[in-house]
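The values are calculated or read from the model by the stated rules, or taken from the named source; none is laboratory data. No experiment lies behind these values; they were computed from the predicted model shown. Don't worry about glycine lacking a Cβ; one is built from the backbone with ideal geometry, like all the others, and counts go over all protein chains shown.
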Ligand SMILES: Cc1cc2nc3c(=O)[nH]c(=O)nc-3n(C[C@H](O)[C@H](O)[C@H](O)COP(=O)(O)OP(=O)(O)OC[C@H]3O[C@@H](n4cnc5c(N)ncnc54)[C@H](O)[C@@H]3O)c2cc1C
């Protein structure tokens, strides 16, 4: 592809972690000759993939009690590719960090549940350990100080658990420039719509038109909007869920500490994480509240939002089902209050005390400028809120990805799935052996050797 060319074999829309990982996957591991990446802002990963937007957790499924066995298996195969990338390409200590992590059970009921989970999941994650109060006094003393209830934790001390997804996005893009594939980066270029002309796609942007043989839309919350405009994904609507954080005034935890999931609640419970953007000060969160925007700290056109919300009977039915449950209603109200200045602290501290009983509301502060949006998908036909990622593979050379959590952890797994589809469509080779060598650890989980769940 010549510089300044208007044609590319593959166009990627969106320069967050998903778009950047796909660019790397295509340029290094396929025979695709040219890729153009369109990003509306001036640099990669300014939205949900920014280090300040998410919890920086490499989700494996071992301590996430909101995942069942099937989901944990799928997520672990996918996210272990990120851990393997970090090790193979030598980014430990700069992009990926080994920090202990655990899930904490508080009270007899949660302890029984955790023990059951430990037995069921240890075949999948043989490295997990159980830590009683005595062990926790050594590992993470703040969890035990002033604690009356019995506790038990399940965790591990020596895995890559913390990832700077913003730096990872930048690195994927930098590395792809050194490959055989011609990479053309179009920053500050917003894709307004996409049309089809004969067998090509026309990418309409605020900087002119471009043409491609295939397209992957990794535009976060905007992916569904672009899909709807092309007549795809009508069965999906979106519920944009904002997530905010609170900081402790000092570093209190060395480990990532998750809490047991209340199975009734739709989003993961609050956790405490050492934050890599703030000298490892402890960051608590995220909260979860519905927001009338697709981008945190940016405005958007209200008409676009209404298109995505698709407030018809089936979507309103999902909202009704969510709100009729007393626990969920209380959860939504609580999360709304967490956003309010001053009194937010007073309410949020109650959640945090499950982790650190001795903290008071003066010990935490709202993390201004932190947090992001999770584009949660509603399946209108099934009348269900889907709690993971969603992909619309049209089978016609254009794919749309919607990536709420754990989209950053699964970035290489998703990119691998898309690379397979694109290589089939374009009739080019995917270099599976090279992927296996560099991104799959045969001692742990190898994505290529497994049948991914759909
Ligand atoms: C509070 C919170 C905590 C989270 N914690 C974790 C975690 O600990 N671990 C984890 O794995 N995941 C976590 N996630 C999820 C994770 O952040 C996302 O799954 C991931 O960042 C999604 O990446 P993406 O590239 O698909 O989307 P984004 O990062 O949103 O990037 C989309 C990109 O597309 C661009 N774009 C949009 N429209 C256009 C257009 N029309 N033209 C050109 N460019 C466009 C945007 O500018 C943006 O750069 C969390 C999310 C939130 C909100």
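Condition check for residue 39 on (1) touching a strand residue (DSSP E or B) at 6+ places or on another chain (Cβ under 8 Å); (2) closer than 16 Å to residue 165 by Cα; (3) modelled with pLDDT of 95 or more: one failure, at (2).
Just the residues that are over 22 Å from residue 50 (Cβ atoms) and either surrounded by fewer than 20 Cβ atoms within 10 Å (Cβ to Cβ) or within 16 Å of the ligand (Cβ to nearest atom) (or both), please, taken from segment 378-389. Outline the logic, then answer.
Taking segment 378-389 and keeping what is over 22 Å from residue 50 (Cβ atoms), we get 378-387.
Those that are over 22 Å from residue 50 (Cβ atoms) and either surrounded by fewer than 20 Cβ atoms within 10 Å (Cβ to Cβ) or within 16 Å of the ligand (Cβ to nearest atom) (or both): 379, 380, 381, 382, 383, 384, 385, 386, 387.
Quick check on my filter: what residues within segment 331-377 are at positive phi and in contact (Cβ under 8 Å) with a residue 40 or more places away in the chain? So that I can check it myself, show each step before the final result.
Looking only at segment 331-377, we keep the residues that are at positive phi, and these are 342, 369, 371.
Listed by number, the residues that qualify are 369, 371.
For segment 337-446, the helices (runs of 4 or more DSSP H) that sit wholly inside it and include 1 or more residues that are farther than 30 Å from residue 107 by Cβ are 411-426, 432-439.
Here is a list: 212, 244. Which entry is within 30 Å of residue 6 (Cα to Cα) and at pLDDT 90 or above? None of the other options fit; the residue is 212.
The residues of segment 120-133 that are part of a helix (DSSP H, G or I) and within 27 Å of the chain's Cα centre (by Cα), listed by number, are 120, 121.
Set side by side, the residues 193, 204 differ, and just one is over 24 Å from residue 420 (Cβ atoms), surrounded by fewer than 21 Cβ atoms within 10 Å (Cβ to Cβ), free of Cβ contacts under 8 Å to residues at least 60 places away in the same chain and in contact with a helix residue (DSSP H, G or I) (Cβ under 9 Å, 6 or more places away or on another chain), which is 193. In segment 202-211, of all residues being in contact with a strand residue (DSSP E or B) (Cβ under 6 Å, 6 or more places away or on another chain) and within 14 Å of the ligand (Cβ to nearest atom), the one that is farthest from residue 428 (Cα to Cα) corresponds to 205.
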